[in-house]
Every structure is written in C-alpha cells, then in structure tokens.
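Structure first, then comments.
FYI, it's all coordinate maths here, none of it is from the lab. Bear in mind the structure is a predicted one, so any value in this text is a computation, not a measurement. Counting neighbours? That spans all protein chains shown, and the Cβs are built from the backbone with ideal geometry, glycine included.
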Amino acid sequence: MLTINLLSFGYHRSGIPADASGNGGGFVFDARCLPNPGREARYRERSGLDDDVRSYLEARPETATFLSHAIAMVEHAARLYDARGFEHLQVSFGCTGGQHRSVFCVEYAARMLRTHGYQCEITHTERERWQ
C-alpha cells in the first residue's frame with residue numbers, strides 16, 4: 001500500500017527536505033505565493049495548526065485554488081504509483097519559516113488525501129522552533 005509522506009518546511013530554515021525513502025523524488029510545492037499570516041502580529045506566534053490561522057488562509061480564494069491544483073497532481077501521481085506497486089510518495093509544502101502556510105497546506109492535503117483512502121504521514125520539520 002502506498003504511503004504519502006507530507007512534510008512542511010521553511011525555505012529560510014531547513015530548506016527542501018531530502019527524501020528519506022531513498023527514492024530521491026516527490027513533489028515540492030511553494031506556498032510562499034499565498035498570503036502570509038506571519039506578517040500580522042496577531043498570528044506571529046501561532047501556526048498553521050491553530051484555528052485562527054486556518055480561518056485566515058481558508059478565507060482567501062487563492063488558497064483553495066493553490067491546494068486544489070496541488071492535491072489533484074498528487075492524487076493523479078499516487079494512483080499511478082499505487083498501481084505500479086510503489087510504497088512511498090513524498091510531498092513537501094514550503095513557506096518562508098515553515099510555521100503558517102506550509103503547515104496549513106500539509107494538514108489540509110492530508111485530510112483530503114485520507115478521504116480518498118490514502119495513508120498519510122505528517123512531519124512538520126520546523127515544529128520544535130515554533131512550539
């Protein structure tokens with residue numbers, strides 16, 4: 001069975017995560033195009049796991065468009081990989097600091113992919129820094 005590993009990261013901190021499976025591939029989506037809640041004082045100490053940050057991002061139509069396209073690509077590839085017997089697909093979402101947008105995107109993508117029957121594992125690479 002295919003497992004989709006979803007990782008959030010910060011471009012200015014850790015950079016694009018390596019694929020620990022040894023496959024050396026996967027998707028990398030740059031969420032820096034989305035509005036940045038971290039630029040507003042009330043969200044600065046929060047993360048994409050917090051309800052108010054989620055609401056902020058969900059209220060922006062560009063967030064829904066970005067995620068629908070990204071998830072469609074991942075689902076298409078996952079179906080093909082699964083049919084070929086692959087066991088791993090890595091999907092990373094990055095933003096500036098790995099705290100708001102990328103975290104939100106990973107959590108959202110995991111929810112959507114799980115509803116389609118995929119097993120998902122989540123890693124927030126910058127979590128220790130913002131918790």
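Do you know which residues across segment 1-53 are of a type in the set (Ser, Thr, Tyr) and surrounded by fewer than 21 Cβ atoms within 10 Å (Cβ to Cβ)?
Listed by number, the residues that qualify are Thr3, Tyr11, Ser14, Ser21, Tyr43.
Are any residues in segment 15-26 within 17 Å of His124 (Cβ to Cβ) and out of contact with any Gly (no Cβ under 7 Å at 6 or more places or on another chain), and if so, which ones?
Residues satisfying the conditions are Gly15, Pro17, Ala18, Ala20, Gly26.
Scan segment 1-20 and report the pairs whose first residue is closer than 24 Å to Asp82 by Cβ and whose second residue is in a loop (DSSP other than H, G, I, E, B) and of a type in the set (Val, Ile, Thr), with Cβ atoms within less than 8 Å and a gap of 6+ or a chain change.
So the pair list comes out as Leu7/Thr125; Ser8/Thr125; Pro17/Thr125.
Yes/no per residue for (1) closer than 14 Å to Tyr118 by Cβ; (2) in contact with a Leu (Cβ under 6 Å, 6 or more places away or on another chain); (3) hydroxyl-bearing (Ser, Thr, Tyr):
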site: Phe9; (1), (2), (3): no, no, no
site: Gly22; (1), (2), (3): no, no, no
site: Leu34; (1), (2), (3): no, no, no
site: Tyr56; (1), (2), (3): no, no, yes
site: Arg60; (1), (2), (3): no, no, no
site: Thr65; (1), (2), (3): no, no, yes
site: Ala83; (1), (2), (3): yes, no, no
site: Gly97; (1), (2), (3): no, no, no
site: Ser102; (1), (2), (3): no, no, yes
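Among residues belonging to segment 50-93 that are outside any helix (DSSP H, G or I) and in contact with a strand residue (DSSP E or B) (Cβ under 8 Å, 6 or more places away or on another chain), point out the one that is farthest from Ala110 (Cα to Cα).
Glu87
May I ask you to list the residues in segment 94-130 that are farther than 18 Å from Tyr56 by Cβ, touching a strand residue (DSSP E or B) at 6+ places or on another chain (Cβ under 6 Å) and assigned to a helix (DSSP H, G or I)?
Ala110, Leu113, Arg114
Please tell me if Tyr56 is free of Cβ contacts under 8 Å to residues at least 40 places away in the same chain and either hydroxyl-bearing (Ser, Thr, Tyr) or crowded, with 19+ Cβ neighbours inside 10 Å (or both).
In short, yes.
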